[in-house]
1. Within segment 165-193, can you find the residues that are in a loop (DSSP other than H, G, I, E, B) and aliphatic (A, V, I, L, M)?
2. What are the residue pairs meeting all of these: first residue in segment 210-234, first residue closer than 11 Å to Leu260 by Cα, second residue open to solvent by 60 Å² or more (accessible area, probe 1.4 Å) and not in a loop (DSSP other than H, G, I, E, B), Cβ atoms under 6 Å, and 6 or more apart or on different chains?
3. Before we move on, is Lys119 open to solvent by 30 Å² or more (accessible area, probe 1.4 Å), out of contact with any strand residue (DSSP E or B) (no Cβ under 8 Å at 6 or more places or on another chain) and within 19 Å of Ser152 (Cβ to Cβ)?
4. Looking at segment 142-164, I want the residues that are over 21 Å from Ile214 (Cβ atoms) and assigned to a strand (DSSP E or B) and have a partner that is among the hydroxyl-bearing types (Ser, Thr, Tyr) and at pLDDT 95 or above with Cβ atoms under 6 Å, at least 6 apart or on another chain. Which pairs are those?
5. If we only count strands (runs of 3 or more DSSP E) wholly inside segment 8-111, which ones have 1 or more residues that are open to solvent by 10 Å² or more (accessible area, probe 1.4 Å)?
6. So, Val177, is that one closer than 24 Å to Thr261 by Cβ, surrounded by 18 or more Cβ atoms within 10 Å (Cβ to Cβ) and touching a helix residue (DSSP H, G or I) at 6+ places or on another chain (Cβ under 8 Å) or not?
7. Residue by residue through segment 180-193, note down the ones that are among the small types (Gly, Ala, Ser) and either crowded, with 21+ Cβ neighbours inside 10 Å or without any contact (Cβ under 8 Å) to a residue 12 or more places away in the chain (or both).
8. Which pairs have Cβ atoms under 7 Å, sit 6 or more apart or on different chains, and link a residue in segment 28-46 that is in contact (Cβ under 8 Å) with a residue 40 or more places away in the chain to one that is part of a strand (DSSP E or B) and surrounded by fewer than 21 Cβ atoms within 10 Å (Cβ to Cβ)?
Amino acid sequence: MDKVFDFSNKYTLITGATGKIGQSIIHRLISSQTKLILLDKDIETMENKFDKTKIKMSNVHLINYDATNENSCKDAIQDIKNITTRIDYVINSIGMVGTDDDPGWSVRFEDQSKDSWNKCLEINLTSIFFLIQKLLPLLRESNECSIVNISSIYGVIGPDFDLYEGTDMNNPAAYGVSKAGLIQLTKWLAAALSPSIRVNSVSPGGIHRNQPDIFTNKYKSKTLLGRMATEDEVSETVLFLLSKMSSYITGQNIIVDGGLTIK
C-alpha cells in the first residue's frame, strides 16, 4: 500500500460499523493492518459480518454502543480507554436514515413525531459531539489525528419531493436538519481542535440500494454523471480525508453526488 495510504499500526474508530457505508470503509481498511475499534448497538450483527470478511480479529475490537443510551455511551468510552491510549482516526458513519421504520419518522410532514425528531438529532448530531469530547485526550495523543463525519447532500440542499412520488419512500425533516448541523459541527470542531486534529465531512448523494425504478430513474436524470453512487465511492473519499494526501484540508465538506447539487 502506498505510504500516503499507510494506516498500519494506527487506531481507527468507526461508529455505525454495521451500516453499508461503515462496512465499505472497513473493507477498504482491511489490508492496511490498522487496528479497528468498531462501535454499533448490535454486536451479534457485527460478528456475523466479520465472519464474511476473513480479517484478523486480533486487529478488531467490537464495542456495543447505543447512542441514545447514556449508560451505553459511558461504557463504550471506558471500553475504548481499556483498549488504547491513542486514537488516530475517527469515522462517524452512525446515523438514523430515511429507511428506518420508527413510528412518526419516514412519513408525511403532518405525521412526523417529536420523538422521532429528537431521536434523529440525538443519534446523528448530539452523540457525535459528546463522543469526540470524551475521546479528546486519546485523540491528542496522535500525531496525525483525522476525524471524518458522514453527512448528506440533504444537509446542503432541500429535498426534491418529486423524487418520492409513486413510492413509499420519504425524506424526514429531522434527517436534513441533523446533517446540516453535522456539517456545521465539523467546521466548529475543525476550528476548536486545530492545529493538531483535522476534521472534515463527506456528504454523499443518493446511493443505489435497490430503490424502486421510478425513484432511481428520476434521480439519475438529475445527476451530471447519469447514475447513483456506490458505497465504495463514498468510502474512498473518506480514506482520502484520513490520509496524508489531505494533510492541508480541514473544516471542509466534500460532496460526493455525481454533480446533482450543481444543477
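The values are calculated or read from the model by the stated rules, or taken from the named source; none is laboratory data. All values derive from a computational prediction rather than experimental measurement. Here the Cβ positions follow ideal geometry from the backbone for every residue, glycine too, while neighbour counts run over all protein chains shown. Heavy atoms of the whole protein, side chains included, go into the accessibility calculation; ligands, DNA and RNA do not. Shrake-Rupley method; radii C 1.70, N 1.55, O 1.52, S 1.80 Å.
1. Step one: of segment 165-193, the residues in a loop (DSSP other than H, G, I, E, B) are 165-172.
Hit for segment 165-193 is Met169, nothing else.
2. Gly226/Lys220; Arg227/Lys220
3. Details: open to solvent by 30 Å² or more (accessible area, probe 1.4 Å): yes; out of contact with any strand residue (DSSP E or B) (no Cβ under 8 Å at 6 or more places or on another chain): yes; within 19 Å of Ser152 (Cβ to Cβ): yes.
So Lys119 fits the description; yes.
4. Filtered contacts from segment 142-164: Ser146/Tyr89; Asn149/Thr186; Asn149/Ser201; Ile150/Ser93.
5. It comes to 11-15, 35-40, 60-64.
6. No.
7. The answer is Ala192, and nothing else.
8. Ile37/His61
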